[in-house]
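Working notes, structure below.
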Amino acid sequence: MDREETIKVLMTIQAAYPNYKPPDKSITVNLWSRMLRDYTYQQVEAAVDAYIRTDKSGFAPSVG
């Protein structure tokens, strides 16, 4: 997954969780991009979609 795809994933998370406001978006994008580089955009998108659909906590997912 590349940096632009990471930005799209984080925008999806922020749309679903309006209280998700990372203090430094550039650092957040860099970290998530590095941690998810071995996955395809489709894999990460599917995982985020599944998380959003089934989440009961109301908290945005973490990269871990």
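The values are calculated or read from the model by the stated rules, or taken from the named source; none is laboratory data. Just so it is clear, the model here is predicted, and its values are computed rather than measured. Cβ atoms come from the backbone with ideal geometry, glycine included; neighbour counts cover every protein chain shown. These area figures cover heavy atoms from the full protein model, side chains too; ligands, DNA and RNA do not enter into them. Shrake-Rupley method; radii C 1.70, N 1.55, O 1.52, S 1.80 Å.
Couple of notes before you dig in:
- Within segment 13-25, the set of residues being open to solvent by less than 60 Å² (accessible area, probe 1.4 Å) and polar (S, T, N, Q) comprises just one member, 14.
- Inter-residue pairs, beta-carbon under 7 Å, first open to solvent by 90 Å² or more (accessible area, probe 1.4 Å) and in segment 26-39, second assigned to a helix (DSSP H, G or I), 6+ apart: none
- Checking each residue in segment 40-64 for being open to solvent by less than 70 Å² (accessible area, probe 1.4 Å), touching a residue at least 12 places away in the same chain (Cβ under 8 Å) and in a loop (DSSP other than H, G, I, E, B) picks out 40, 58, 60, 61, 63.
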